[in-house]
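Nothing in this text is a laboratory measurement; each read-out follows from the coordinates by a stated rule. Not measured: the values here are computed from a predicted model. Note that we place each Cβ from the backbone using ideal geometry, even for glycine, and neighbour counts take in every protein chain shown.
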Amino acid sequence: MVKIYRSRNYREMSETAAGLFLAQIRKKPDSVLGLATGGTPVGLYQNLVQAYQRGEADFSRLSTLNLDEYQGLSGEDPHSYRYFINTQLFDHVNIEKTRTHVPDGTELHPEKACRDYDRLIARLGPVDLQLLGLGPNGHIAFNEPDDIFPSGTHCVTLDSSTIEANRRFFRSLGEVPKRAYTMGIGSIFSARQILLLVSGTGKAEILKQALSGPVTPRLPASILQFHPDVTLIADEDALSSLPR
Ligand code: F6R
């Protein structure tokens, strides 16, 4: 059962999402948060930083697990997801960096990178609140359309549509990494609560299929229909294909 919050626009979506995160942090100051990168959560992270600056939030006891990382990129690379989450959020709040985790993009042995991350998830988990964005092809984290729902952390070859969508963060298409490490669907599913953020008309059709079409690994986000506690916060544009 997916609870839907309808926002007028991106700004309202980000504020509502920040409200949920802040409530979680206040309720359980040592929460384990699952974090996403990409364009969608930027406004949410700005709201969290502002709440911290106003003295309304304490991040000092939290732990975090990010969903994914490009293979081959170090945390110092401005294109890496570690760099993104540091500069968007962690550098501006009182979080203990040693308790923040992103798959190790510099570990070039996929088996080791994935095993290490799964061990970490097992040690820290379950995640209390897992943030997700929605890929234009229906992916969540970097679980691309497939014949199965992969359970644990794995190395993926990114879909051409994902590479195309993420090209805006790079100078050229050729620079976008082709492979990534991503948490699996099983790990995402073990989160107590999931928050899916979706914005823009470009995601309206895939969001409708994910919420009201068949549950299939060809559209990974459709599995969220089966999770007991999913909240969707989306703007009018993203909800424009769904009945009111
Ligand atoms: C990022 C991630 C991806 C994005 C998705 C949407 O950590 O896991 O699944 O959430 O590709 O990206 P944006 O928000 O850029 O449209």
Could you give the dipole magnitude of the chain about its Cα centre, charging the beta-carbon of Lys and Arg +1 and that of Asp and Glu -1, in debye to the nearest 20? 500 debye
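Can you tell me how much longer the chain between ARG61 and LYS28 gets when fully stretched, taken as 0.36 nm per residue apart minus their C-alpha distance, in nm with one decimal? Each step should come with its number before you reach the end.
Numbers: separation 33, 0.36 × 33 = 11.88 nm, distance 0.93 nm.
Roughly 11.0 nm would be gained on extension.
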HN-Hα J in Hz across segment 182-198 - Karplus 6.51, -1.76, 1.60, θ = phi - 60°, x for Gly and Pro: 9, 4, x, 5, x, 5, 4, 5, 7, 5, 5, 9, 10, 10, 9, 10, 9
Over what distance in Å are the Cα centres of segment 132-155 and segment 193-212 separated? 14 Å
Projecting the Cα atoms of ALA122, ILE148, ALA165 onto the charge dipole of segment 103-171, where Lys and Arg contribute +1 and Asp and Glu -1 at Cβ, the residue farthest towards the positive end is ALA165
For the chain, calculate the relative contact order in percent as a whole number, restricting contacts to Cα pairs under 8 Å that are 6 or more residues apart. 26 percent
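Just subtract the alpha-carbon distance of LEU124 and SER160 from 0.36 nm times their residue separation and send over the number in nm, one decimal. Before the final figure, lay out the partial values.
Numbers: separation 36, 0.36 × 36 = 12.96 nm, distance 3.31 nm.
Residue separation times 0.36 nm, minus the Cα-Cα distance, leaves 9.6 nm.
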Say a paramagnetic label sat at a point 7 Å from the Cα of ARG171, along Cα to Cβ; which residues of segment 63-106 have their backbone N under 14 Å from it? 78-79
Hey, got the dipole for segment 1-104? About the Cα centre, +1 on K and R Cβ, -1 on D and E Cβ, debye to the nearest 20? 580 debye
Please compute the length gained on full extension between HIS79 and ILE4, using 0.36 nm multiplied by the number of residues separating them and subtracting their Cα-Cα distance. 23.8 nm
In whole Hz, the Karplus estimates of ³J(HN,Hα) for segment 229-244 (6.51, -1.76, 1.60; θ = phi - 60°; x where Gly or Pro) are 9, 10, 10, 9, 10, 9, 8, 3, 4, 5, 8, 5, 8, 9, x, 5
Pairs over 22 Å Cα to Cα, from LYS3/LYS203; LYS97/LYS203; LYS97/LYS178, come to LYS97/LYS203; LYS97/LYS178
Ordered by number, the GluC sites (Glu not before Pro) in segment 1-89 that occupy a DSSP loop and have at most 14 other Cβ atoms within 10 Å are GLU56, GLU76
Phi-derived 3J(HN,Hα) across segment 87-100 with the Karplus relation (6.51, -1.76, 1.60, θ = phi - 60°), rounded Hz, x for Gly and Pro, is 7, 7, 9, 4, 5, 10, 10, 8, 7, 7, 4, 5, 9, 9
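If each DSSP helix of 4+ residues adds -39,500 (n - 2.57) and the sum is divided by the residues in the chain, what number results at 222 nm, nearest 500 deg cm²/dmol?
On the way: 7 runs with 74 residues, N = 244.
About -9000 deg cm²/dmol.
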Say the dipole of segment 150-244 comes from +1 at the beta carbon of Lys and Arg and -1 at that of Asp and Glu; which of VAL230, ALA180, SER241 then lies farthest toward its positive end? ALA180
